[in-house]
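Structure, as structure tokens:
The values are calculated or read from the model by the stated rules, or taken from the named source; none is laboratory data. What you see is a predicted model; the values in this text were computed from it and never measured. Every residue, glycine among them, receives a Cβ derived from its backbone with ideal geometry; neighbour counts consider all protein chains shown. We work out accessible area using only protein heavy atoms, side chains counted, and drop any ligands, DNA or RNA first. Shrake-Rupley method; radii C 1.70, N 1.55, O 1.52, S 1.80 Å.
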Amino acid sequence: MIRFDREICTNLDAALSREWLETNGLGGYASSTIACLNTRRYHGLMVAATQPPVGRIVMLSKLEETLVVDGRRYDLSANQYPNTIYPQGYKYQIGFRLDPYPIITYEIEGVMIEKSIFMIHGENTTVVQYQIVEEGEATANRQLRNANCILEVRPLIAFRDYHSLGHENPALNSEVEFDDDLATIKPYPNLPALCLAHDAQEIDRAAFWFRNFEYDHERARGFDFKEDLFSPFALKFHSSESRRATVIASTGRRDARLADHYKDAEVSRRAEILAGAPADDEFVRALVSAADQFIVARSKAKTVIAGYHWFSDWGRDTMIALPGVTLATKRPEIAGSILLEFARHVDRGMLPNRFPDAGETPEYNTVDATLWFFEAVRAFLHYSGDEKFVRANLYDVLVDIVERHVKGTRYNIHLDAQGLIYSGEEGVQLTWMDAKVGDWVVTPRRGLAVEIQALWYNAVRVMEDLAGRFGDGANQKRYAELATRAKQSFNEMFWNEDGRYLNDVIDGDRRDASLRPNQIFAVSLLYSMLSDERAKRVVEVVEHALLTPYGLRSLAPDDPRYRPRYEGDSLGRDGAYHQGTVWAWLMGPFITAYLKVHNGSEPARAHARSLLSNLREHLNHAGLGQVSEIFDGDPPHAPRGCIAQAWSVGELLRVAVEELK
């Protein structure tokens with residue numbers, strides 16, 4: 001359980017640097033800071049996935065709350081307006097805990113009130129409950145005061161795409177339908193209605209706009225950062241009638257009287273997932289809970305959200321995250337569903353790079369996602385032992401992928417005369433280092449990229465093994481020949497004798513000797529082309545130049561292109577994305593490679609465990625209970641990017657379970 005006391009909660013800078021996240025298994029979510037002051041356009045109490053896992057709409061931005069005690073009004077909420085924070089309800093906050101969902105505690109004039117927030121799995125539904133608690137000293141005095149308490153809750157609605165911001169417009173002034181304990185708002189015919197179930201004793205139907213909210217994270221990122229929100233009514237809960245109050249925001253009709261039932265079901269679901277944790281280690285169990293937030297629906301199958309708040313499901317991220325997020329957590333049936341869904345979308349021997357938010361045709365602009373697919377299948381077979389599933393559903397797809405790569409497919413991806421995979425065209429980024437600003441390709445890696453060769457070799461060795469298992473002798477021999485040819489050429493071409501590490505990219509006579517982390521995969525993958533001596537040297541160089549307490553830098557600090565901080569507008573951030581920025585997910589392959597070259601010795605394992613200590617502590621910062629996407633290259637390595645990233649969590653889980661148990 002993550003917990004903060006009054007000292008953190010009332011320190012606004014500390015409170016705003018910590019964000020909570022609730023998800024619903026559809027791609028929807030609820031999220032804010034522990035002060036419930038929204039600092040991002042992506043924050044909201046009910047962000048619905050209208051076309052799971054995409055089509056995200058911020059329907060309910062937040063709830064404005066006021067506690068009236070003996071006629072005196074105390075605002076519990078907090079907002080950033082131009083040059084001011086108003087109200088300042090965080091000053092009454094005495095605690096926050098993630099147990100297992102967010103619970104915020106306030107104290108006003110001896111009255112203690114707890115606010116809990118959780119989402120119902122499989123629904124675009126957020127449940128918010130308030131409860132007056134009686135514990136500690138002066139309980140009798142609290143009981144006396146509680147008889148005169150009124151909690152006023154005013155919903156603020158947005159009804160806009162989560163990438164955008166809303167401003168005052170007459171469409172949101174639509175009439176609200178009140179039906180007993182349900183209020184329904186439907187301002188747009190092409191969007192679902194927002195249904196607010198409640199158990200209030202009184203409704204104030206005065207409606208008005210709240211203007212000029214400011215979101216500091218968007219300001220810092222160079223985006224529009226101001227928004228107006230509409231409030232159609234206020235709910236009033238009298239403590240003399242009940243010590244509890246409930247508001248349920250949903251795209252369907254819900255009953256506030258069933259809130260405890262919804263809560264018990266969700267708590268049981270999460271407990272069941274934790275019961276299957278592969279180790280009774282606090283860090284592993286926290287990562288198992290974090291992993292569940294990325295597994296979402298796509299049609300009737302499952303997929304993996306790459307990161308919150310703004311990513312959808314990406315082929316590359318999904319395949320890299322899959323072993324940790326689904327297999328290390330003992331959920332092979334979900335892994336199988338994901339592999340089937342992506343296999344269904346393979347086209348011209350390529351896995352989709354991204355499924356667009358609006359549901360258009362998938363994008364196939366990637367060279368590595370498809371090769372990571374082989375490693376995901378290998379991991380699935382290793383954990384599940386289900387050869388029948390792989391043979392019936394995946395093997396033929398994999399065979400076709402190899403053939404397409406040998407003959408050539410999109411973006412000039414093909415097997416060259418040396419038996420290595422060439423990829424790239426002018427102005428197109430195909431590897432994971434894919435930042436591009438306008439026409440500026442930040443990290444041009446056209447040609448033979450080092451990790452692509454490592455993945456190709458691993459893929460054909462995986463296929464050699466599968467062909468042997470399935471009695472496909474002709475292909476087994478062919479895959480062995482492809483692997484042998486790749487290994488010979490790779491060692492002849494990629495070893496940088498001057499630096500005694502691997503070049504990053506080769507294109508004709510051009511040798512890009514940039515010291516980057518991509519070479520670590522030539523050691524970490526199960527099938528490696530390197531000798532023991534060269535593998536050990538690669539690990540030593542990467543450790544010396546790129547290793548930080550939070551992952552590997554994307555470029556060595558002594559490179560003149562190195563960018564120490566990921567900040568500023570799109571140009572500044574994208575220019576730093578792969579030019580020194582630290583990536584947490586790379587800690588996984590580094591630890592695997594480190595243990596491999598040290599033969600898994602106990603001293604090496606002890607050192608590897610120590611490398612995770614800062615990431616353990618990181619769970620209490622940024623995205624609570626989650627692992628950030630990236631960190632600054634220079635100390636103190638501030639967390640940046642997404643507050644929750646699937647491959648960050650997945651790779652840490654994988655090494656914790658496979659290598660360090």
Inset, instruction - Order the peptides 315-323, 275-283 from the highest to the lowest mean number of other Cβ atoms within 10 Å of their residues. - result: 315-323, 275-283
Legend entry - Ratio of the Cα radius of gyration of the chain to 2.2 N^0.38 Å, where N counts its residues: 1.01
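Translational D (Stokes-Einstein, µm²/s) of the stretch 449-584 at 25 °C and 0.890 mPa s when Rh comes from the Kirkwood sum over C-alpha pairs? Please list the in-between numbers first.
Working: Rh = 16.3 Å.
Taking Rh from Cα pairs, D becomes 151 µm²/s.
Throw me the Rg/Rh for the stretch 284-419, computed over C-alpha atoms with Kirkwood Rh, two decimals.
When Rh is taken as the Kirkwood radius, the ratio is 0.97.
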Legend entry - Cα→Cβ-extended label distance, 7 Å offset, between LYS477 and GLU403, nm: 1.8
Legend entry - Under the Karplus curve 6.51 cos²θ - 1.76 cosθ + 1.60, θ = phi - 60°, whole-Hz ³J(HN,Hα) for the stretch 94-103, x wherever Gly or Pro sits: 10, x, 9, 9, 9, 8, x, 9, x, 10
Legend entry - Dimensionless Rg over Rh [the stretch 81-137; C-alpha; Kirkwood]: 1.07
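Pairs LYS596/LYS661; LYS236/LYS263; LYS115/LYS330; LYS302/LYS407; LYS62/LYS330: which exceed 27 Å Cα-Cα?
Over 27 Å apart, Cα to Cα: LYS115/LYS330; LYS302/LYS407; LYS62/LYS330.
Hey, could you get me the Stokes-Einstein D for the stretch 187-273, Kirkwood radius over alpha-carbon pairs, 4 °C and 1.567 mPa s, rounded to whole µm² s⁻¹?
Roughly 79 µm²/s, to the nearest whole number.
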Inset, instruction - For THR50, enumerate residues with amide H under 5 Å from its amide H, sequence gap 5+ or separate chain, H modeled in the peptide plane. - result: ARG56, ILE57
Inset, instruction - Please work out the ratio of the alpha-carbon Rg of the stretch 560-661 to 2.2 N^0.38 Å and round it to two decimals. - result: 1.14
Inset, instruction - Could you tell me what fraction of 2.2 N^0.38 Å the Cα radius of gyration of the stretch 246-347 comes to, as a two-decimal ratio? - result: 1.23
Legend entry - 1.4 Å probe accessible area per residue over the stretch 574-661, in Å²: 28
Inset, instruction - Please list the radius of gyration and Dmax for the stretch 147-295, considering alpha-carbon atoms only, with Å as the unit. - result: 19.4, 55
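If you scale each eigenvalue of the Cα gyration tensor by 5 and take the root, what three semi-axes come out for the stretch 421-512, rounded to whole angstrom and sorted largest first?
30, 17, 10
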Legend entry - Label-point separation in nm, ASP180 to SER268, each point 7 Å along Cα→Cβ: 2.4
Legend entry - Label point distance in nm, ASN614-ASP5, each placed 7 Å from Cα along Cα→Cβ: 2.8
Legend entry - Spherically averaged projected area in nm², based on the convex hull that wraps the Cα atoms of the stretch 313-382: 4.4
Inset, instruction - Kindly rank 610-617, 155-162 from highest to lowest mean number of other beta carbons found within 10 Å of each residue. - result: 155-162, 610-617
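What's the local net charge at ARG154, with K and R +1, D and E -1, over the other residues with C-beta under 11 Å away? Please list the in-between numbers first.
Working: positive: LYS62, LYS236; negative: GLU64, GLU65, ASP75, GLU152, ASP204.
Cβ neighbours under 11 Å give a net charge of -3.
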Legend entry - Packing rank of 580-588, 556-564, where each peptide gets the mean count of other beta carbons within 10 Å, highest leading: 580-588, 556-564
Inset, instruction - Quick one: which residues, 5+ away or cross-chain, put their amide H under 5 Å from the amide H of LEU547? H built at 1.01 Å from N. - result: ARG553
Inset, instruction - Using the Karplus curve 6.51 cos²θ - 1.76 cosθ + 1.60 with θ = phi - 60°, work out ³J(HN,Hα) for each residue of the stretch 607-624 in order, rounded to whole Hz, and write x for Gly and Pro. - result: 5, 4, 4, 5, 5, 8, 4, 5, 6, 4, 5, 4, 4, 9, 9, 6, x, 5
Inset, instruction - Could you quote the convex hull projected area for the stretch 336-491, Cα atoms only and averaged over all directions, in nm²? - result: 9.7
Inset, instruction - Set the Förster radius R0 to 35 Å, insert the Cβ-Cβ distance between HIS598 and LYS330 as r into 1/(1 + (r/R0)^6), and round the FRET efficiency to 0.05. - result: 0.80
Legend entry - Distance from the stretch 480-501 to the stretch 510-578 (C-alpha centre basis), Å: 19
Inset, instruction - Using every Cα-Cα pair within the stretch 1-92, state what percent have a distance larger than 18 Å. - result: 52
Inset, instruction - Enter the Cα centre distance for the pair the stretch 606-626 and the stretch 227-254, rounded to the nearest angstrom. - result: 37
Legend entry - Whole-Hz couplings from phi, Karplus 6.51/-1.76/1.60, listed for the stretch 589-598; x for Gly and Pro: x, 5, 4, 4, 5, 4, 5, 5, 6, 9
Inset, instruction - Determine the calculated [θ] at 222 nm for the chain from helices alone, applying -39500 (n - 2.57) to every DSSP H run no shorter than 4 residues and normalising by the residue count; nearest 500 deg cm²/dmol. - result: -10000 deg cm²/dmol
Inset, instruction - Any chance you could check the Cα centroid distance between the stretch 55-87 and the stretch 349-410 for me, in angstrom? - result: 47
Legend entry - Positive-end extreme of charge dipole, the chain - chosen from GLY650, SER570, LEU526 (charges on Cβ): LEU526
